[in-house]
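The values are calculated or read from the model by the stated rules, or taken from the named source; none is laboratory data. Here the structure is a predicted model, which means the values were calculated and not measured. Every residue, glycine as well, gets a Cβ built from its backbone with ideal geometry; the counts of neighbours run over all protein chains shown.
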Amino acid sequence: MFKKLLSVSGFTLLSRITGLVRDVLQAAVLGHGLLSDAFVVAFRFPNWFRAVFGEGTLNPAFLPRYAALHAKGEHEAAARFGDEVYSWQILIQAVLLVAALAAMPWIIRLTAPGFVGHPGQVELAATLSRITFPYLILTVVVVQLSAMLNAIEKFWAAAAWSNFLNLAMIATLLMAAWFPNAAYAGAWGIMLGGVGQLVFMLWAARRDGIWLRLRWPRWTPEIKEFFVAIGAVTFGTLPVTFLPIVDTIIASLLPVGSMTALYYADRINQLPLGVLGIALGTVLLPDMSRRLAKGDVTGSDAAQNRAASLALLLTLPFLVVFLAIPEPITRAIFAHGAFDRQAAAQTAMALAAYGVGLPAMVLVRITAASFYARQETATPARATVTSILSNIAIKAALVLGFGWGIAGIALGTALGAWVNVAMLVWFSKRAGYLNIVPSFRQALLPIVLAALMAGAGAVGGVLLIEHHVLVLGLFFTGFWRDLATLGLAMVLSGIGYGAVLLVFRRRLPLSR
């Protein structure tokens, strides 16, 4: 298991690295304005629908059923079920694709109403979206093949395929001069990436004896059960699918470039969240499920408390650093080419606000495991609805009432995540599912101290360069100075954080 975890983690980390390179290049080429805002909307469209039809819904609804058939040796039945799901997916995606391509200008007006006030932006966003939207039909096939490979314990390909999108976009953005403008280069990069992902996964699946065959869709009891499960899971993923649409609507009504700045702030915030949150949640749920099935409630509580401790230990430092030095971070990463320092400063405000909710976004998965491990889905859904309503209400108050702009949108997302955690903790305590063990309490103070030291080190690194305490700051200007500042801040932050971990290692969840 550890070897498989390392394989998946390695490819996931590689995906984050290539994604960061893509974002840096994208910002430098596209800049911060009408062009980049239109591209961000076109990029988000297939991702919104992928959240509905992709990993978050297909895996819980399809994978357990396919894996159960495979585990019982019913390989032909498993293959037939996979083909039926695939056939229905293709039919639904084809209808959705035709409808979306025809109605795209109206969809843009609905989801980005602020674009109407800028001549030509609705048309540009619609054209770019028509290029990117077919990516969806490619990626749902890739996601199903990934689920089938995971079911037979072949994990590496499912973790590796996301890199192809990043690499394709990097290639087309580098050749932006050959396209009508840089936004077209990025859009065609998305399509090319989807083709690359599909070809790679078809090869990887065929290599392990898996293939999908298109059949005439039939309404069988298994398919009915599958779609019922899809509906239930989709409801639980509403924050992932619905709230980004709300953010886009609000951001489109703000000054030009706001949507771009919000997008890049979220991308930085997703770096620790994508690796830490997914890993902890993925490992914890099956562990708790196995322990509870054996009646080991104490072991289940210990596993959950350990995961919560690790979540705070690994995310609180990012919260403090994002609050302490957001602008040096965004300047060093994005302030190149067409993305100027003013755009980086705007992105920094959103990054600081997003950081407030980073621990909560990981803790949501950990606290929800109390219910999912007991096969109870209704209670987390109630918490989800409450968090969505709170999220929207907070954003309306901060953006429309106080005029906080994209910082208000990001802070609404962060506070909404904390509302979700609070509701889940309250529900699980009331049901007797949550038991806070002494080791969790003992770890809290060192965790907070480590986060504060990380923040202090980061601030110290910035001040040492900016006030010329180190001669290093005298030899660099512009981009290199920003990069040196962030580099020193990271080094000193890591030293401060590591020193606390070393001193309090016996009170922290660091042992095997």
Scanning the range 293-330 residue by residue, those under 22 Å from Ser439 (Cβ atoms) and part of a loop (DSSP other than H, G, I, E, B) turn out to be Lys294, Gly295, Asp296
For Met201, the lone unmet condition from (1) touching a Ser or Thr at 6+ places or on another chain (Cβ under 7 Å); (2) modelled with pLDDT under 90; (3) surrounded by 18 or more Cβ atoms within 10 Å (Cβ to Cβ) is (2)
Contact list, first residue from the range 33-52 and assigned to a loop (DSSP other than H, G, I, E, B), second anywhere and surrounded by fewer than 21 Cβ atoms within 10 Å (Cβ to Cβ), beta-carbon distance below 8 Å, six or more apart or interchain, is Gly33/Val256
When every residue in the range 121-139 that is buried (at least 23 other Cβ atoms within 10 Å of the Cβ) and of a type in the set (S, T, N, Q) is compared, the one modelled with the lowest pLDDT is Thr139
Can Ser15 be described as hydroxyl-bearing (Ser, Thr, Tyr), surrounded by 17 or more Cβ atoms within 10 Å (Cβ to Cβ), part of a helix (DSSP H, G or I) and at pLDDT 85 or above? no
Met361 meets each of (1) of a type outside the set (D, E, K, R); (2) touching a Pro at 6+ places or on another chain (Cβ under 6 Å); (3) surrounded by 24 or more Cβ atoms within 10 Å (Cβ to Cβ) with one exception, condition (2)
Screening Gly498, Gly478, Gly461 for residues that are exposed (fewer than 15 other Cβ atoms within 10 Å of the Cβ) and over 28 Å from the mean Cα position of the chain (by Cα) leaves only Gly478
Checked the range 354-385 for anything assigned to a helix (DSSP H, G or I), more than 19 Å from the chain's Cα centre (by Cα) and either at pLDDT 90 or above or of a type in the set (D, E, K, R) (or both); matches are Arg382
In the range 393-432, anything assigned to a loop (DSSP other than H, G, I, E, B) and either within 23 Å of Leu313 (Cα to Cα) or among the hydrophobic types (A, V, I, L, M, F, W, C) (or both) is listed as Phe402, Trp404, Ala431
Tell me whether the range 175-194 contains one or more residues that are part of a helix (DSSP H, G or I), within 22 Å of the chain's Cα centre (by Cα), farther than 18 Å from Phe133 by Cβ and among the hydrophobic types (A, V, I, L, M, F, W, C). no
Subset of the range 186-210, residues more than 28 Å from Ala42 (Cβ to Cβ) and free of Cβ contacts under 8 Å to residues at least 24 places away in the same chain, comes to Trp203, Arg206, Arg207, Gly209
